[in-house]
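In what follows, a structure is listed as structure tokens, so that the remarks can point back to it.
Nothing in this text is a laboratory measurement; each read-out follows from the coordinates by a stated rule. Because the structure is a prediction, the values reported are computed rather than measured. Note: ideal-geometry Cβ built from the backbone for every residue, glycine included; neighbour counts use all protein chains shown.
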Amino acid sequence: MSDGFLHSFGFLLAVKIVAILLAFLTIPLAVGMLEHKGMAHMQARLGPMYAGGFHGWAQLVADGIKFVQKEDVVPDNADRWVFKLAPAVSLLPAMFVLVVIPVGPDIVAEPLDIGLFYALAISSITVIGMLMAAWSSANKFSLLGGIRGAAQLIAYELPLILSAVSVVILAGTLSLTGIAHAWRWWWLLALAPGIFIFFTASLAELNRPPFDMPVADSEIIFGHMTEYTGLRFALFLLTEYAGIVVAGGLIAAMFLGGWRGPFWDVVQIGDVYPLGIAYTMLKVLAVAFVVIWLRVTYPRLREDQLQKLCWKALIPLSLLQVLVTGAVTVAR
């Protein structure tokens, strides 16, 4: 195989597509397995520890087989095409965001100069899939869940963006790769409020506990997912795990230095730094673990508490973070 072919646009594009698909199909499943095992240990749940023998290694496989075997039901009064498309519309934005998240100094599918802007814009499309599912289900509980999800997105998108603005001010670029290159250890202290705000807002946008009001089973059954069964229901669950991976990747690149860590550049194979890739993955999984930890620790907020936290706490705090960061940057 000639060097010209290996460096051709078509070959490189094919490699990038395959790499993104593999990451998209494996890492969210790993997070799902981590949630099974983490919750099993934290809450003494014995069920997920048996399937397959040692430590319940086949639990995820068993879940997949279960979803495949379930009947695919579409309600009689549903808008069939919108109902069927909604899970894909919710899931695919996460895959598109992975395109701009760096895992190494030069390892990123597409190093866009506006990568952060692109990631935040594309990730917000997920709520459209939620609204499609809520409206097309012809179910009042689904519709209530969709409305709650939209209200949550409108509220928490503002502190999410404002916390990202502080990072952009310090780094001087919208490129996620550029932000990771510009990262310094003291950012952990300077941007500590921003990390908290971004993480909390991400939890709310993912509808993860304690911000899972759109799927509050005790009130509205399961929100926009009430009428879904089988693989389509599984796609909505995969959307949640893919969103955790995306949030972890963004937090790692923006606030935790991406691939940076002790001796990350000691081992080099060509242009690849294996330790740097390992650090990125460990940071993503660490964020995922905290997300799971919060699920089993805190009860669900009420809708009014959720909105008050955003408008009366997170937004003022994020504005203060932007003000302080801007002043420090100008004074340097």
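Under 16 Å from a point placed 7 Å out from the Cα of Lys140 along the Cα-to-Cβ direction: which residues of the stretch 188-226 have their backbone N that close?
Flagged as within label range: 219-224.
Going by Cα centres, the stretch 305-330 and the stretch 22-73 are how many Å apart?
Using only Cα atoms to place each centre, the spacing works out to 38 Å.
Can you put Leu12, Leu143 in order of Cβ neighbours within 10 angstrom, beginning with the fewest?
Arranged by neighbour count, lowest to highest, Leu12, Leu143 become Leu12, Leu143.
Determine, for each peptide in 316-325, 284-293, the mean count of other beta carbons within 10 angstrom over its residues, then list the peptides with the highest first.
Details: 316-325: 17.3, 284-293: 19.4.
Most protected by this proxy first, the peptides run 284-293, 316-325.
Using a 10 Å cut-off around each Cβ, can you sort Leu176, Leu256, Leu275 from fewest to most neighbouring Cβ atoms? Intermediate values should be presented prior to the final figure.
On the way: Leu176 27, Leu256 24, Leu275 17.
Ranked by crowding around the Cβ, least crowded first: Leu275, Leu256, Leu176.
Calculate the length of the line joining the C-alpha centroid of the stretch 208-236 to that of the stretch 248-283, in whole Å.
Between the Cα centre of the stretch 208-236 and that of the stretch 248-283, the gap is 35 Å.
In a solvent-free Debye calculation with one equal scatterer on each Cα, what is log10 I(q)/I(0) for the stretch 248-301 at q = 0.12, 0.22 Å⁻¹, listed in the order of the q values?
Taking Cα atoms of the stretch 248-301 as identical point scatterers yields -0.35, -0.79.
Note the full-extension length gain between Val267 and Leu22 as 0.36 nm times their separation in residues minus their Cα-Cα distance, in nm to one decimal.
Working: separation 245, 0.36 × 245 = 88.20 nm, distance 2.43 nm.
That works out to 85.8 nm of additional length.
Report the full-extension gain for the segment His181 to Gln305: residue separation times 0.36 nm, less the Cα-Cα distance, to one decimal in nm.
On the way: separation 124, 0.36 × 124 = 44.64 nm, distance 3.81 nm.
Result for the pair: 40.8 nm of gain on full extension.
Under a crude label model (7 Å from the Cα following the beta-carbon direction), how far is Ile221 from Gln43 in nanometres?
Calculated label separation equals 2.2 nm.
Which residue, Asp304, Asp217, Asp72, has the most motion in a Gaussian network model of the chain that connects Cα atoms within less than 10 Å?
With Cα springs under 10 Å in the chain, the top fluctuation among Asp304, Asp217, Asp72 is at Asp304.
Test of understanding: ordering Arg45, Arg208 by Cβ neighbours within 10 Å, fewest first, what list do you get? Don't skip to the answer; put the middle values down first.
Numbers: Arg45 14, Arg208 19.
Ascending number of Cβ neighbours within 10 Å: Arg45, Arg208.
Rounded, prolate or oblate for the stretch 285-332? Axes are the square roots of the Cα gyration tensor eigenvalues, ordered a ≥ b ≥ c, and the cut-off for rounded is a/c under 1.5. Write out the running numbers ahead of the final one.
Values: a/c = 5.98, a/b = 1.60, b/c = 3.73.
Verdict is oblate for the stretch 285-332.
Work out, step by step, the length gained on full extension between Thr229 and Val324: first 0.36 nm times the residue separation, then minus their alpha carbon distance; give nm to one decimal. Show your work: numbers first, answer last.
Numbers: separation 95, 0.36 × 95 = 34.20 nm, distance 4.86 nm.
Taking 0.36 nm per residue and subtracting the Cα distance, the gain is 29.3 nm.
Can you tell me the Rg and Dmax of the chain, counting just the alpha carbons, in angstroms?
When restricted to the Cα atoms of the chain, Rg and Dmax are 20.6, 64 Å.
For the modelled label position 7 Å from the Cα of Trp293 along Cα-to-Cβ, which residues of the stretch 182-202 have backbone nitrogen atoms closer than 18 Å?
Within reach of a label on Trp293, which here means backbone N under 18 Å from a point 7 Å along Cα→Cβ, the stretch 182-202 contributes 188-189, 192-202.
Normalised by the residues of the chain, what does the relative contact order come to in percent, with Cα pairs under 8 Å and at least six apart? Before the final figure, lay out each step's value.
Working: 493 pairs, mean separation 77.0, N = 332.
Relative CO of the chain lands at 23 percent.
Putting +1 on Lys and Arg Cβ atoms and -1 on Asp and Glu Cβ atoms, find which of Val127, Pro93, Ala171 reaches farthest to the positive end of the dipole of the stretch 72-331.
My answer, from the dipole projection, is Ala171.
Gly243: net charge of surrounding residues, Cβ under 10 Å, Lys/Arg +1, Asp/Glu -1, itself excluded?
Details: positive: Arg208; negative: Glu205, Glu240.
Charge balance near Gly243 sits at -1.
With charges only on Cβ, +1 for K and R and -1 for D and E, what is the dipole size of the stretch 72-331 about its Cα centre, in debye, rounded to 20? Working shown, then result.
Values: 14 positive and 17 negative charges, 102 e Å.
Dipole of the stretch 72-331, to the nearest 20 debye: 480 debye.
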